[in-house]
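Engineer: First, the structure itself, so that you have it in front of you.
The values are calculated or read from the model by the stated rules, or taken from the named source; none is laboratory data. All of these numbers come straight from a predicted model, not from anything done at the bench. Cβ atoms come from the backbone with ideal geometry, glycine included; neighbour counts cover every protein chain shown. Areas reflect the complete protein model, heavy atoms only, side chains present, ligands, DNA and RNA absent. Shrake-Rupley method; radii C 1.70, N 1.55, O 1.52, S 1.80 Å.
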Amino acid sequence: MSDRPAPGAPENRQPSTLAIHAGEDELTTRAPVVPPVVQSATFVWADPADGPLLYTRYGNNPNQVQLARKMAALEGMEASVPLASGMAAVAMTLLALTEAGDHVVASSRLYGATHALLTTELPRRGVTATLVDPVGDWEAAVRPETRVLYLELPTNPTIRVVDPRPVVRLARQRGLTVVCDATFASPINFRAADHGLDVAVQSATKYLGGHSDLIAGVVSGPREVTERVGEMARLYGPALDPHTAWLLDRGIRTLDVRMERHNRNALEIARRMEGAPGVRGVVYPGLPSHPDHALAAELFRGFGGMIALVLEGGGDAADRFVRRLRLAVAAPSLGGVETLVSQPRHTSHHALSATEREALGIPDGFVRISVGLEDPEDLLADFAQALEG
Ligand SMILES: *Cc1c(COP(=O)(O)O)cnc(C)c1O
């Protein structure tokens with residue numbers, strides 16, 4: 001597990017401290033201990049002497065500004081841009097970094113909407129992409145017009161961990177920008193900047209918000225990139241609403257302690273479900289049986305809250321299991337305080353055939369679990385009774 005610098009000077013503060021206090025200043029901290037929601041679309045502003053607060057779509061609402069500073073501190077990046085969804089973060093980043101004629105090399109293991117953006121939408125705007133096996137040869141796919149390398153870490157739903165180091169080396173040699181969507185890890189388990197990745201994208205809908213009650217995204221990176229992302233956001237318009245920014249900031253305050261519990265619960269459940277009756281396999285990077293266990297232990301501060309069960313009896317058994325759950329909730333998405341269960345064959349990988357899914361490591365019977373913060377004994381009891389059916 002990677003080490004953190006010792007606490008002391010403000011720039012060395014630890015994630016748990018940053019998650020609570022980073023971003024506070026005279027702009028947002030007056031009498032109330034909690035910065036108020038500034039639910040205003042516009043600000044008193046006659047000319048530039050009136051300061052930086054101007055218009056909420058521009059990203060300079062105090063709730064957006066404070067959140068941006070907090071996220072930059074947590075990611076260890078120069079600057080951040082909070083946006084209205086994870087997909088806004090992905091899309092504005094790709095628009096900011098490319099123009100017509102440019103090319104992107106991306107991991108083939110992508111969030112569904114990111115996959116569609118790269119393979120069908122951006123090509124309509126003259127930006128093409130080549131998808132590569134993330135543990136395969138990225139270099140062979142690079143062309144003179146390549147600008148961006150794009151990967152997700154860890155991947156959905158098989159929770160594979162790609163070693164970012166060769167990708168970063170390639171980017172440095174060829175003058176490319178590496179973008180990493182680290183939503184599944186959160187900046188607590190994996191800080192992209194510590195590994196040389198240039199730009200970090202987060203769906204804040206997941207662990208950062210943490211309560212399954214908001215949609216948001218954040219892009220972090222060098223200022224020249226985030227300024228361009230901000231320009232794209234001003235033009236395309238996915239500004240984060242101030243109230244959602246405020247809720248997200250409240251979620252982030254407990255991110256460190258929640259991740260610690262997600263990590264612990266998932267490890268406990270993964271260990272105990274391995275070999276349970278009706279369970280053919282458990283996929284979790286914290287288990288020695290996982291193909292990337294050693295790499296995950298080296299790169300991550302925790303193995304995360306996402307596990308998968310492969311049930312004996314295939315799709316029918318998985319359907320029965322999910323329908324019989326009484327505590328865990330059948331729903332897509334992840335990263336909330338409550339345990340969420342879904343089957344990729346019905347959600348993200350619905351368009352593929354069973355054979356294609358099997359080749360990706362997602363056989364029928366594969367059940368994805370976003371382990372929440374409930375007591376693991378209660379969750380294990382729920383899974384056991386659902387398996388008995
Ligand atoms: C959910 C998710 C997104 C999209 O985020 P939204 O907030 O739903 O727009 C992007 N990447 C990953 C890895 C995700 O899990």
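Engineer: Residue by residue, what Karplus-based ³J(HN,Hα) values in Hz, rounded to whole numbers, does segment 310-316 have, using 6.51, -1.76 and 1.60 with θ = phi - 60° and x for Gly and Pro?
Structural biologist: 3J(HN,Hα) across segment 310-316, in whole Hz: 10, 8, 5, x, x, x, 5.
Engineer: Could you sort Arg368, Arg223 by their accessible area in this structure, using a 1.4 Å probe and putting the largest first? Could you put the intermediate results ahead of the total?
Structural biologist: Working: Arg368 25, Arg223 115 Å².
Greatest to least solvent exposure: Arg223, Arg368.
Engineer: Assuming a viscosity of 0.692 mPa s and a temperature of 37 °C, what translational diffusion coefficient in µm² per second does Stokes-Einstein assign to segment 255-388, Rh being the Kirkwood radius over Cα pairs? Don't skip to the end; give the middle numbers.
Structural biologist: Values: Rh = 14.9 Å.
This corresponds to a translational diffusion coefficient of 221 µm²/s.
Engineer: With the radius of gyration and the Kirkwood radius both derived from the Cα set of the chain, what is their ratio Rg to Rh? Before the final figure, lay out the partial values.
Structural biologist: Numbers: Rg = 21.0 Å, Rh = 21.6 Å.
In the chain, Rg relative to Rh is 0.97.
Engineer: Which loop-located GluC sites (Glu not before Pro) does segment 322-367 contain, where loop means any DSSP state but H, G, I, E or B and the Cβ has at most 15 other Cβ atoms within 10 Å? Intermediate results must be reported in sequence, preceding the final value.
Structural biologist: Working: sites: Glu338, Glu356, Glu358; in loops: Glu338.
Taking segment 322-367 and a limit of 15 other Cβ atoms within 10 Å, the loop GluC sites (Glu not before Pro) found are Glu338.
Engineer: With r defined as the distance between the Cβ atoms of Ala384 and Thr17 and R0 fixed at 35 Å, what FRET efficiency is calculated, to the nearest 0.05?
Structural biologist: Details: r = 39 Å, r/R0 = 1.12.
Once the sixth-power term is evaluated, E becomes 0.35.
Engineer: What is the local net charge at Ile362, summed over the other residues whose Cβ is closer than 12 Å to its Cβ (Lys, Arg +1; Asp, Glu -1)? List each step's numbers first, then the result.
Structural biologist: Numbers: positive: Arg109, Arg160, Arg345, Arg357, Arg368; negative: Glu356, Glu358, Asp364.
Result for the neighbourhood of Ile362: +2.
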